[in-house]
Amino acid sequence: MTGKKHYGNPVAVSDLATGILDPVMRKRAGLSVELVQSWSEIVGERLALSTRPEKLVWPRRRHEDDPFEPATLVIACEGAAALRLQHETGEVIGRVNAFLGFAAVGRLKIVQKPVAQPPTRRPPIARPLTGSENARIERLIEGVEDEGLRDSLQKLGANILGRRK
């Protein structure tokens, strides 16, 4: 290995950003990037539209022998959704703890303020396929016996080929 530079496999930018941002978020807000990114999966789409996790507040320990006490999860919430979130507090705590893998959160603190929604991306519109492209897809899936799987593979192939120029 003299004189040659060897580079590893390509890495997604999101993985690099997570690696950089995660320690910063843990230090500043006690949160992980995964918790923020998975918020809609944790609380459901309805609550995720009007809420956002802000930070985890851990109780101070006077001595290192003090028993573990769970944190308080501070959640930013818009107006009327605060009542819905308060009603579902127990379920949200359970889901967050299941996501984190241990009983990290013991209570929620709701802070009413505007919640900025991430921009929604529209999927690109696929172009119509040519006759030869449709025939190619049909040849590739003709041996698949399960009708549902065959239909899914046909749609997948059409999406992939339809996005190519």
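Only the coordinates and a few stated rules stand behind these numbers; no lab work does. Since we're looking at a predicted model, the values are computed, not measured. Neighbour counts are summed over all protein chains in view; Cβ atoms, including those assigned to glycine, are modelled from backbone coordinates with ideal geometry.
Full extension of the segment from Gln112 to Arg139, taken as 0.36 nm per residue of separation minus the current Cα-Cα distance, would add 4.0 nm.
Along Cα→Cβ, 7 Å out, is where each label goes; now give me the distance between the ones at His87 and Glu41 in nm to one decimal. For the pair His87/Glu41, the computed spacing is 2.7 nm.
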